[in-house]
Amino acid sequence: MSRTIIVGDVHGCIRELEDLLSYVGYESKDRLVFVGDLVVRGPKPREVIALARSLNARAVRGNHEDRLLRWRAEKRAGGSLKIGNLTRRAAEALKPRDWEYLESMPLWLDLPEHGVRVVHAGLLPHIPIEDQSARTLLYIRSLGGGGVPMELRGEQSWAQSYHGHLHVVFGHNAQLEPEIAPRATGIDTGVVYGGRLTAMVLREGERPPPADERRSVLVSVPARRVYYEKLPRPAGADVELSARPSPFLRRAS
Ligand SMILES: [Mn+2]
């Protein structure tokens with residue numbers, strides 16, 4: 001029986017991706033899906049894309065893939081988009097076939113056999129997927145006043161407010177533990193920061209179980225090291241960076 005394995009943000013951490021596939025006993029008949037941000041920050045962006053391609057994995061676009069694609073489009077148009085060193089390093093490592101793979105990544109992906117929708121960052125509850133902005137799908141972390149999409153961590157989680165028909169599996173918002181909401185599951189557990197790489201594993205036709213049993217379909221492997229020490233964007237402007245040491249860094253020591 002084949003399974004669907006939905007993998008959190010890999011960020012170039014090829015060894016942990018291999019660890020995870022080995023841990024779940026990946027077989028070629030299994031379907032592999034990524035929540036985006038396969039590249040940038042970690043050590044081996046090209047190897048991760050190459051592995052994803054070779055396993056016929058599907059992947060939704062993350063903000064990092066989106067930035068790479070915009071950088072390249074801009075460059076081809078004779079302009080330039082400012083990118084950081086790590087993004088540049090990933091851009092230089094990618095071969096034409098890898099770029100093709102990036103271009104093939106949609107903003108969201110539905111897995112009707114599991115009643116699941118995969119999106120990189122999240123979405124605005126109560127709004128049809130077709131009407132969501134790309135920016136929201138790629139960057140949302142929380143809801144601000146009046147339910148507007150916010151890119152920083154905030155008090156109101158979009159996921160906890162979401163009660164749609166399809167269960168949303170997402171990444172982007174790195175946390176020590178998976179985020180478990182009634183109808184959504186966040187699986188970015190910050191492997192590149194020295195956290196873990198997490199996946200949701202569903203048997204054929206299986207739907208994500210209710211929140212209190214959700215962990216039964218989640219697996220993870222630890223990072224082998226800290227690859228990126230800079231903190232993810234801090235929580236809301238009211239929270240001082242110094243007041244919130246990264247749990248990822250602590251855990252890795
Ligand atoms: Mn992201």
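What follows draws every value from the coordinates through simple rules; no lab data is involved. Keep in mind the model is a prediction, meaning the values are calculated, not measured. With ideal geometry, Cβ positions are generated from the backbone for all residues, glycine too; neighbour counts draw on all protein chains shown.
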Exercise. Pairs, please: C-beta under 6 Å, at least 6 apart or cross-chain, first residue free of Cβ contacts under 8 Å to residues at least 60 places away in the same chain and outside any strand (DSSP E or B) and in the stretch 181-193, second more than 16 Å from the ligand (Cβ to nearest atom) and aromatic (Phe, Trp, Tyr)?
Worked result: 183/162
Seminar exercise, completed: Checked against (1) farther than 25 Å from residue 225 by Cβ; (2) within 13 Å of the ligand (Cβ to nearest atom), residue 191 satisfies every condition except (1)
Problem set entry | Candidate set: the stretch 53-70, residues that are assigned to a helix (DSSP H, G or I) and within 16 Å of the ligand (Cβ to nearest atom); chosen: the one surrounded by the fewest Cβ atoms within 10 Å (Cβ to Cβ) | 70
Problem set entry | Selected residue (criterion: nearest to the ligand (Cβ to nearest atom)) from residues of the stretch 71-87 that are exposed (fewer than 14 other Cβ atoms within 10 Å of the Cβ) and farther than 25 Å from residue 133 by Cβ | 85
Seminar exercise, completed: How many residues of the stretch 162-175 are part of a strand (DSSP E or B) and not β-branched (Val, Ile, Thr)? The answer is 2
For this session: Provide a single number: the residues in the stretch 71-88 that are part of a helix (DSSP H, G or I) and more than 16 Å from residue 10 (Cα to Cα).
Result: 8
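Report whether or not residue 133 is surrounded by fewer than 16 Cβ atoms within 10 Å (Cβ to Cβ) and under 19 Å from the mean Cα position of the chain (by Cα).
In short, yes.
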For this session: Among the residues of the stretch 88-120, write down those that are among the charged types (D, E, K, R) and in contact with a helix residue (DSSP H, G or I) (Cβ under 6 Å, 6 or more places away or on another chain).
Result: 98
Problem set entry | Tally of residues being part of a loop (DSSP other than H, G, I, E, B) and either within 14 Å of the ligand (Cβ to nearest atom) or of a type in the set (Gly, Ala, Ser) (or both) across the stretch 14-52 | 10
For this session: Among residues belonging to the stretch 1-13 that are crowded, with 24+ Cβ neighbours inside 10 Å and among the small types (Gly, Ala, Ser), point out the one that is nearest to the ligand (Cβ to nearest atom).
Result: 8
For this session: Take the stretch 107-119 and flag every residue that is more than 16 Å from the ligand (Cβ to nearest atom) and among the β-branched types (Val, Ile, Thr).
Result: 116
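For every residue, the table says whether it meets (1) part of a helix (DSSP H, G or I); (2) farther than 18 Å from residue 61 by Cα; (3) within 14 Å of the ligand (Cβ to nearest atom); (4) free of Cβ contacts under 8 Å to residues at least 40 places away in the same chain.
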site: 121; (1), (2), (3), (4): no, no, yes, no
site: 126; (1), (2), (3), (4): no, yes, no, yes
site: 130; (1), (2), (3), (4): yes, no, no, yes
site: 154; (1), (2), (3), (4): no, yes, no, no
site: 160; (1), (2), (3), (4): yes, yes, no, yes
site: 177; (1), (2), (3), (4): no, yes, no, yes
